[in-house]
Structures are given as C-alpha cells and as structure tokens.
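Following: one structure in structure tokens, then a few remarks.
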Amino acid sequence: MEIRSLIARRSVRTFDATPVDHSTVSLIVDQARWTGSARNRQPWRFVAVYDQGIRSQLAALGAYAGHLATAPVVLVLLSPVAQQLDTEFDLGRVAQSVTLVAAEQGLGSCITSLYPEANSRTAAELVSADPGWTARHAIALGFPAPKPTAGRSAIPLGRRSVAESLRFL
C-alpha cells in the first residue's frame, strides 16, 4: 500500500459477520509491538476480546464506543495506571501501528477512548487486567461492511490545508 492510503484510511465502525482469526490478531500485535516508545518502556499490553457479552459491556463505556459491540474482535489496549507524561503519546503510536497492520491484513478498525476514568477501570476489570493496569483505549477490528450510500456524515470531512496547519519561523 502507498503511504497516503494508509494514513488517510477511514475509521470503520460497521463490520460484516466474517470472523477474525486468532492468528491474524496475533500477527497484528506481533508487528505493532515493535513500535517505538519513550525509553523503550513499551507501556502497553493487549487483550483480544471475542466474547460478545464483554464486547457489549465495553460498548457501554464511552460516548462513542457503541460500535465495539458489533466488531468481531475488540483489542483492548492496557496501560499502567501510574502513567509517565509520555505514556499517552506512546499508546497513540502503538494504536496507530495496530490500525496500519490491520489495514494491511484487509481489516477495518476504529480506535476508541474509554473515558471518564471510571470507565477505564471498569474496562480493565472486564478483561481481567493485572493489578496496576487500566484500559483507557480499545480498537475495534473486523472486515468492513459496505459504506452506507445514503445519509450525511455527522463528522466534518476533509482536512485543513497545509497553510492552516504549518508555520515556519
């Protein structure tokens, strides 16, 4: 894939019923785990959730998490409760890596935040996270359903121009 198609791909919130193999999820995590992190701390762990009941409960843990209930698999991203200042940046990097590897495998994805903090704690409990770990983010994974042909997106489309986004000093 060329780089623009990777970085400009759409978030997928509707999936077809095709299951995602455990081996595909393992491959995604195997590739994403090589993402760089501050001081090589690798402040992440992953839990692949196939259980429908748990996915439905995760879907109730954020204003924009509803699609987690219908994804064939949800990859919950665990991070240390006691964060360093750069932990969220590192988590964003590894989450982006997951979505890029997933796209290479033909999967759609959507990164979801599980906030407020009480939701993160509940999500960690749902996936039996080890003590000291929380679940602030999850990634829906699956084969994309066809894009809707009717209706209008509630989210603005397009991107700001380079002139609006970049200054030189």
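The values are calculated or read from the model by the stated rules, or taken from the named source; none is laboratory data. Quick caveat, the model's predicted, so the values are computed rather than measured. With ideal geometry, Cβ positions are generated from the backbone for all residues, glycine too; neighbour counts draw on all protein chains shown.
Among the conditions (1) under 17 Å from residue 94 (Cα atoms); (2) surrounded by 12 or more Cβ atoms within 10 Å (Cβ to Cβ), the only one that residue 58 does not satisfy is (1).
Only one of the numbered conditions (1) buried (at least 21 other Cβ atoms within 10 Å of the Cβ); (2) over 12 Å from the mean Cα position of the chain (by Cα); (3) touching a residue at least 60 places away in the same chain (Cβ under 8 Å) is violated by residue 12, and that is (2). Take residue 71 and tell me if it is of a type outside the set (D, E, K, R), free of Cβ contacts under 8 Å to residues at least 24 places away in the same chain and on the phi < 0 side of the Ramachandran plot. Considered against the rule, which asks whether it is of a type outside the set (D, E, K, R), free of Cβ contacts under 8 Å to residues at least 24 places away in the same chain and on the phi < 0 side of the Ramachandran plot, residue 71 comes out as no.
Condition test on residue 127, is it buried (at least 16 other Cβ atoms within 10 Å of the Cβ), among the hydrophobic types (A, V, I, L, M, F, W, C) and touching a Phe, Trp or Tyr at 6+ places or on another chain (Cβ under 9 Å)? Judged against the criteria, residue 127 is not a match. Restricting the first member to the stretch 90-104 and to residues that are among the hydroxyl-bearing types (Ser, Thr, Tyr), and the second to residues that are outside any helix (DSSP H, G or I) and modelled with pLDDT under 95, the beta-carbon pairs closer than 9 Å and six or more apart or on different chains are 99/9; 99/11.
The one condition from (1) loosely packed, with under 14 Cβ neighbours inside 10 Å; (2) on the phi < 0 side of the Ramachandran plot; (3) part of a helix (DSSP H, G or I) that residue 17 does not meet is (3). Somewhere in the stretch 27-49, is a residue among the hydroxyl-bearing types (Ser, Thr, Tyr), closer than 16 Å to residue 98 by Cα, in contact (Cβ under 8 Å) with a residue 40 or more places away in the chain and in a helix (DSSP H, G or I)? So far as the stretch 27-49 goes, no, none of its residues is among the hydroxyl-bearing types (Ser, Thr, Tyr), closer than 16 Å to residue 98 by Cα, in contact (Cβ under 8 Å) with a residue 40 or more places away in the chain and in a helix (DSSP H, G or I).
A quick yes/no check of all residues on (1) under 13 Å from the mean Cα position of the chain (by Cα); (2) of a type in the set (Ser, Thr, Tyr):
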{"site": "28", "(1), (2)": "yes, no"}
{"site": "34", "(1), (2)": "no, no"}
{"site": "41", "(1), (2)": "no, no"}
{"site": "53", "(1), (2)": "no, no"}
{"site": "56", "(1), (2)": "no, yes"}
{"site": "69", "(1), (2)": "no, no"}
